[in-house]
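A.B. asks: I'd like to ask some things about the structure below.
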Amino acid sequence: GVPMERILALFGLLTFGVALVAYQPFALADYIQIVTEEYPPYNYQEDQEIKGVSTEVVKAVLREVGIQAEIKLYPWARAYHTAQHEKNTLIYSISRTPNREALFKWVGVIAPIEFYIFASKERPDIKIQALEDAKQYQIAVVREDALDQFFTQQGFPNLYRLNHNEAAMKMVLTQRAELWPISEYAGYYFLQKQHHSISDVRKVFRIEGFASGDQYMAFSPSTPDELIDKFRTGLQSIKDQGIYQQILDDYFK
């Protein structure tokens, strides 16, 4: 037979193991990784720091829920892929579209956004009355972003897929592409960053109805629901306290 103390020791280990397993979701829930892209003024890197209106909102929520996490800036396709496949991964500023609904666990709105199609001022001939009119033109998009997915779904034949918005902007300014779809604030930021004037482009069409009109934060689908709830509560709390509106006011004066 097995001595009683061996049995008790084994039983102790087993219960200790069960206790550890039972505790784990909460311990691991506090480890999260955060991914985003270079998409100013929502998220961008400056002086080795990740800044932007959405970044400030995310940081305020982290403080509210008492979690520390590093934010990593990737090309969009990589951030998007990471946030779909790795547990406890938060992605932000992401547009909430019907084809993305089931791919993420959505926390909530972190910033307003409006999307336009821009053309170079050198091309006054480009006229778009309805979205269909844009199909005849070469369109520079960022690989896997909401606009790429939207135009692909709509059967647009002439899409140049690039890794970054600055590359898309250059394609249009050098007339190797004709249209650049992007949110208004982001478009103007990229132009000014590269020492162009915002009058170097003109709005030719406002894109409506493809996304909710807001930017979101969302988690990877394998993330535990209690963590999603924690962040939803935190986001609502900073809105109730007026912190959220203050951040928006500081950026969009």
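A.B. asks: So which residues in segment 215-231 are farther than 11 Å from residue 90 by Cα, open to solvent by less than 40 Å² (accessible area, probe 1.4 Å) and out of contact with any helix residue (DSSP H, G or I) (no Cβ under 8 Å at 6 or more places or on another chain)?
C.D. replies: none
A.B. asks: Taking segment 119-144 as the region of interest, how many residues are within 25 Å of the chain's Cα centre (by Cα) and β-branched (Val, Ile, Thr)?
C.D. replies: 3
Per-residue answers, yes or no, for (1) within 13 Å of the chain's Cα centre (by Cα); (2) part of a strand (DSSP E or B); (3) within 22 Å of residue 151 (Cα to Cα); (4) not aromatic (Phe, Trp, Tyr):
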residue: 81; (1), (2), (3), (4): yes, no, yes, yes
residue: 92; (1), (2), (3), (4): yes, yes, yes, no
residue: 100; (1), (2), (3), (4): yes, no, yes, yes
residue: 108; (1), (2), (3), (4): yes, yes, no, yes
residue: 117; (1), (2), (3), (4): no, yes, yes, yes
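A.B. asks: For segment 197-204, state whether one or more residues are among the polar types (S, T, N, Q) and closer than 30 Å to residue 235 by Cα.
C.D. replies: Taking every residue of segment 197-204 in turn, none turns out to be among the polar types (S, T, N, Q) and closer than 30 Å to residue 235 by Cα.
A.B. asks: Kindly indicate whether residue 38 is in contact with a His (Cβ under 8 Å, 6 or more places away or on another chain), of a type outside the set (Val, Ile, Thr) and crowded, with 16+ Cβ neighbours inside 10 Å.
C.D. replies: For residue 38, the condition - in contact with a His (Cβ under 8 Å, 6 or more places away or on another chain), of a type outside the set (Val, Ile, Thr) and crowded, with 16+ Cβ neighbours inside 10 Å - is met.
A.B. asks: Are any of the residues in segment 35-57 under 19 Å from residue 232 (Cα atoms), at pLDDT 95 or above, of a type outside the set (D, E, K, R) and not in a helix (DSSP H, G or I)?
C.D. replies: Yes, segment 35-57 contains a residue that is under 19 Å from residue 232 (Cα atoms), at pLDDT 95 or above, of a type outside the set (D, E, K, R) and not in a helix (DSSP H, G or I).
A.B. asks: If I go through segment 172-200 residue by residue, how many of them are closer than 14 Å to residue 117 by Cβ and open to solvent by 10 Å² or more (accessible area, probe 1.4 Å)?
C.D. replies: Applying the first criterion (closer than 14 Å to residue 117 by Cβ) to segment 172-200 yields 172, 177-184, 186-187.
The next check asks that each one be open to solvent by 10 Å² or more (accessible area, probe 1.4 Å); those that pass are 178, 184.
Qualifying residue count, segment 172-200: 2.
The values are calculated or read from the model by the stated rules, or taken from the named source; none is laboratory data. Keep in mind the model is a prediction, meaning the values are calculated, not measured. Glycine gets a Cβ as well: all are built from the backbone with ideal geometry, and neighbour counts include every protein chain shown. Remember, those area values only see protein heavy atoms, side chains included, never the ligands or the DNA or RNA. Shrake-Rupley method; radii C 1.70, N 1.55, O 1.52, S 1.80 Å.
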